[in-house]
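Taking it in order: structure first as C-alpha cells, then the write-up.
The values are calculated or read from the model by the stated rules, or taken from the named source; none is laboratory data. Model, not experiment: these values are computed from the prediction. Heads up, the Cβs are rebuilt from the backbone with ideal geometry, glycines too, and the neighbour counts pull from every protein chain shown. Just the protein is used for accessible areas: all its heavy atoms, side chains included, with ligands, DNA and RNA removed. Shrake-Rupley method; radii C 1.70, N 1.55, O 1.52, S 1.80 Å.
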Amino acid sequence: MRLYVLILISLFCFSCKKEKTEYVGIQDVNESIFASTSKVPDNHFLGDNNCKSCHEAQFKDWKGSHHDEAMQVASDATILGDFDNTIFESQGIVSRFYKNDGVFFVNTEGRDGAYHDFKIEYTFGVTPLQQYIVKFPDGHYQCLRTAWNTEQKKWFDLYPDFKVVHSEWLHWSRGGLNWNNMCADCHSTNVRKNYSIKSHSYDTKYALINVSCEACHGPGKRHVENVNRLGDTYKPNEDLKMTLNTHPKDLVDQCARCHVRREQYSEFYNFEGTFLDHYFPQLLTDNLYHPDGQILDEVYVYGSFLQSKMYQNNVTCTNCHNPHSLKLRFEGNMLCAQCHDTNSYDTPKHHFHEVNSDASQCINCHMTGKIYMGNDYRRDHSFRIPRPDLSLKYGTPNACTQCHTDKDDTWAWDNYQRNYGQPKSKHFSELLAPALSEDPHGYEKLQELVNDTIYPEIARASGVLAMGNYLNNNSINEMLAFLNDASPLVRGAAIDALNDMNSSDYVNYFLPLLKDKKRTIRIKAFLALATLNEFQIPEDYKDIYRKVEKEFNTHLSVTADFSGGRAKRALFYLKRGDLVNAIEWYEKSLEVDDRNNMIRTNLANLYYRNNKPNKAEEAFKLIIKQEPDYAQTYYSYALLLAEQNRVEDAIAQMELAIKYMQDNIRFYYNLSLLYDKVNNLKQAETTAIKGLKLAPNNESLLYVLAYIYQKDGHIDKAKNIALQLMQRYPNNQQYIRLYNQLNSAK
C-alpha cells in the first residue's frame, strides 16, 4: 500500500484519579508557556540588499546559492530547461515544452485527464535538478513531475517507475506536488499558507520569494533600527536569529524547520519559540528509516543528524557547511580532520584502501547516501560505523557491500572482524532494530534503549513509540513514566504510543502535559484527552484546557489540506464517541486523497460499527480494486465477514491475505481459528503448523494448535504443547489450567 499516516480508531473511556504527578515539562504557573502566535508583517522584512550594505562578504557567499535560487520568477535568466518545442514522454504521458511570445509553457496532462497548455510561473531550485511551477484556479500552485536535469541537460521523470493516474493525490496537478502545502514553507520567507477548507483554495502569501537572509536570521526591521540607534555601541541580541552566539544545538534546532520530515502544528512560523513549538519530526519508523536508523525515504538530514555522536558533542551544521554559500568548508578528508586525527584515521591502517582514492574518503564509509527525486544524491548524516553484522540480522544496508557490489554481507562481516575485531561500543540500533523488524522479543531491548539517556533522544523517542507494539499492563505502566521524560521528543512519542490505549490512569497522566513548555506536546496531550469534554476537566485545568483547545484547532486547520489532517479531526470525534462526525471527517479525508486506503480501512470499520455493513463491504472492495496485492485489506475484510458469521467468505479472504503476505503470523492464527469455526480441524491444524514453521515459538499459534489437538482428540500432542507453554510462561494461569485439564483427561 502507498504510504500514508495511519490513524487508529480504537475508542476507550478514561477516568480521572486525584493524584499528583511531578512533571519536568511544566513551567512555573506564573510564567507563560505560550509562544506568540502573532503574524510578522511583511514590511518587517527589508530584503537582501539592505543586508548587503553591512554584510557584504556574507551576501556575496549567499548570492547564487541554493537558498538564493530556491524559487524564482520564470524568465530567460532563471529557466535552465530546454523549452525549444521539446517533447518528453514517460508513463504514456507526452509533455511538450515551448515558448510563446517570450512566455514559457508546457502542454501536458491536467487533473481532468485531458491535455492543456500551462504557463510556467516560477522555477524551483537549480542543481542537480530544476522544477517548474504552474498556477491552477483557487490559488493552487503545482510543481511539474517532469524536471530538468541540470547536470546531464535533459528532461526526466521524477518517478519514472511509478504510474500515477490523473485522479490520484500523487498526480502532479494535485496534493502530492502542491507548492502551497508541500514546498512553500521552506522555499520562501515568511510564508502563510492561508488554506480555506470550505473552498479547498489557497491565498498563500510570502514576504520574499526565496530563502533570503531574513528567512534564517529573522525579520531585519528591529535589527536595523537598533543598529541605527546605537551605532558603534550596538551588540547583537534577540533581534537576530542564528548568530555566532547561538548555541550549537539551538542552531541545529533553528535549521531543522526546513531540513526535516515533519508535521506542522502552528499556523505559520513566526520566529517565536522553538522548533517543537511549530513542528514535530517524524521519528525512526518503518518506511522512513531502516531498522537501524539509516535513511530510507526522503527525511531531510535532521532526523539522521540527531542520531550522531557529532550532535551529542555539540558539532553543528556550520562546522561543516558555510551557512551562506552552503558549500563545504573543506574538501576531502580535511573536513573531518577539523576534529579527527589524520594520523589515526586518514591512513590505510584504518580504512584499508588506497590513499586518495574514493574508497579512502571518510564520507564514503561513514556517510553513505541515496538518490532522491531522480538524480539528487543525499548523504546520511548519522555518521555511523558500517555494521555488516546488523545487515545480516535485519537486512539493513552497509557501506561495504554498497561499494563492493559483487560481495555479500557475510564477506563484509568477516572482513570487518579481521580488520577491526568486534564493535567496541553498543550502537542504539542494536536495541531498536529488533522491534522495528517485528521481533517478538524486541521489547526487552527497547527497555534498555529507552531507559538509558546515553543514547540519542530521537532513538529513545523512537524506542518509546515502538513499545506501543508490545502492549500489556506491564509495558503500559512502564511507558507512562516517559510522559515525564526530560526530552520533549520522548514525551511526544509516549503520548502517541499511549493515545488510544485503555487505562483509567491515563487522564491523570495526560492532564499535566497541557502545561508542557512545547506547543506540539500540549496539542498531542489535548487529543489524548479527547474522551473528556470540557465539563469533565478538573477546575484547576479548565483555563489551560481552553487555551490548548485553540492551539489544537489551529493545528487541525493548518493540516486540513492533507487527508491525514482531516483524519485527525475524525479521530478526535471518534474518541468523543461521535461516530457520525468521525465518519463524515474520514469521508472528507478521502475527498483530498481518494486512494488513502489506510483511512478508507478505518472508515470501513466505522461503517460496520455504525450498523452499515454494506457500506463497510463496499469500502473494502474498493480498496482491493485499487490495490489488489495489499494483504492487510483482505485480512481486515475477512475479520468483517467473520463478524457477520460469513465464515466461508472470511476464509477465502484470509487465504488471499496469506497469498500476498506469507510471513504475517497473525494471518495464520486467524485462518486457523476460522477453519475451526467450520469444524475443519485438519485445515486448522495444517494452517497453524505452517505458521509455526515461520515462527516456531509463537505463543498464540502454539496455544491454538494445542486447542485444536485437544478438540480433535489428540490429547498427548496437546499436552506436549501445553507443557512447552507452561515452561516458557510459568506465571500464565491459562496455560497451567490447560495443562492440568489435559493431564487429567483420559
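Key figures
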item	result
J(HN,Hα) series, the range 259-266, from Karplus relation 6.51 cos²θ - 1.76 cosθ + 1.60, nearest Hz, glycine and proline x	10, 7, 7, 8, 10, 8, 10, 9
Surface/4 of the Cα convex hull for the range 377-466, nm²	6.7 nm²
Accessible area (Å², per residue) of the range 595-713, counting only protein heavy atoms and a probe of 1.4 Å	47 Å²
Cα shape, the range 322-415, gyration tensor, a/c 1.5 rule	oblate
Given charges at beta-carbon only (K, R positive; D, E negative), |dipole| of the chain in Debye	1280 debye
Degrees between helix 613-626 axis and first principal axis of the chain (Cα, 0 to 90, nearest 10)	60 degrees
Normalised contact order of the chain, rounded percent, pairs of Cα under 8 Å and 6 or more residues apart	12 percent
Listed residue pairs exceeding 32 Å between alpha carbons, taken from LYS249/LYS370; LYS426/LYS690; LYS615/LYS690; LYS370/LYS615; LYS309/LYS407	LYS426/LYS690; LYS615/LYS690; LYS370/LYS615
Solvent exposure of the range 316-402 as accessible area per residue, Å², 1.4 Å probe	56 Å²
Inter-part distance where the range 458-498 and the range 415-443 are each reduced to a Cα centre, Å	21 Å
Sorted largest first, extent of the range 387-529 alpha carbons per principal axis (Å)	55, 29, 24
Cα shape, the range 569-650, gyration tensor, a/c 1.5 rule	oblate
Whole-number Å³ per residue for the convex hull built on Cα positions in the range 155-203	97 Å³
For ARG595, distant residues with modelled amide H under 5 Å away	TRP169
For the range 444-596, projected area of the alpha-carbon convex hull averaged over all directions, nm²	9.8 nm²
In nm, spacing of pseudo-spin labels at ASN743 and ASP84 (7 Å Cα→C-beta vector)	8.9 nm
Global geometry of the range 602-661, whether rounded, prolate or oblate, following the gyration tensor of its Cα atoms and the 1.5 cut on a/c	oblate
The chain, helix-only ellipticity at 222 nm - DSSP H runs n ≥ 4, -39,500 (n - 2.57), divided by all residues, nearest 500	-12000 deg cm²/dmol
Mean Cβ count within 10 Å, highest first, over the residues of peptides 485-491, 574-580, 519-525	519-525, 485-491, 574-580
Efficiency of FRET between ASN313 and LYS198 - r from beta-carbon atoms, R0 60 angstrom, step 0.05	0.75
Ordering of 538-546, 456-464 by packing [mean C-beta count within 10 Å, highest first]	456-464, 538-546
Spacing of the two label points (7 Å from each Cα toward its C-beta) at LYS135 and TYR234, in nm	3.7 nm
Length-normalised contact order for the range 510-612 - Cα pairs under 8 Å, 6+ apart - percent	20 percent
Relative contact order [Cα under 8 Å, 6+ residues apart], the range 187-266, whole percent	22 percent
Apportionment of accessible area to carbon and sulfur, the chain, percent (1.4 Å)	49 percent
Whole-Hz ³J(HN,Hα) from phi, Karplus 6.51 cos²θ - 1.76 cosθ + 1.60, for the range 252-258, glycine and proline x	4, 4, 6, 5, 4, 4, 10
Peptides ranked, highest mean first, by Cβ atoms within 10 Å: ranges 323-335, 415-427	323-335, 415-427
ASN451/LYS119 FRET efficiency (R0 60 Å; Cβ-Cβ; nearest 0.05)	0.55
Equivalent ellipsoid, the range 532-690 (semi-axes from 5 times Cα gyration tensor eigenvalues, Å)	37, 18, 14
Calculated FRET efficiency for the pair ASP716/ASN679, C-beta based, R₀ 35 Å, to 0.05	0.95
Point-to-point label distance, ARG111-LYS693, nm (Cα→Cβ direction, 7 Å offset)	5.1 nm
Placed amide H near ARG262: partners under 5 Å, 5+ positions off or other chain	GLN282
Per residue solvent-accessible surface (Å²) - the range 45-159, probe of 1.4 Å	49 Å²
Distance between the range 340-383 and the range 59-132 - C-alpha centres, whole angstrom	34 Å
Normalised per residue, the volume of the convex hull around the Cα set of the chain (Å³)	199 Å³
Among GLN254, TYR265, PRO236 - extreme Cα towards positive end, dipole of the range 235-274, charges at beta-carbon	GLN254
Principal-axis tilt of helix 457-467 within the chain, Cα atoms, nearest 10 degrees	30 degrees
Tilt relative to the chain, helix 597-609 - C-alpha long axis, 0 to 90 degrees, to 10	40 degrees
Added length on full extension, which subtracts the Cα-Cα distance from 0.36 nm per residue, ARG609 to LYS249	124.8 nm
Quarter of the Cα convex hull surface for the range 54-142, i.e. its orientation-mean projected area (nm²)	7.7 nm²
Unit charges at the beta carbon, dipole of the chain: most positive-side option, ALA688, CYS186, VAL134	ALA688
Gain in span if fully extended, LEU288 to SER38, counting 0.36 nm per residue against the direct Cα distance	86.7 nm
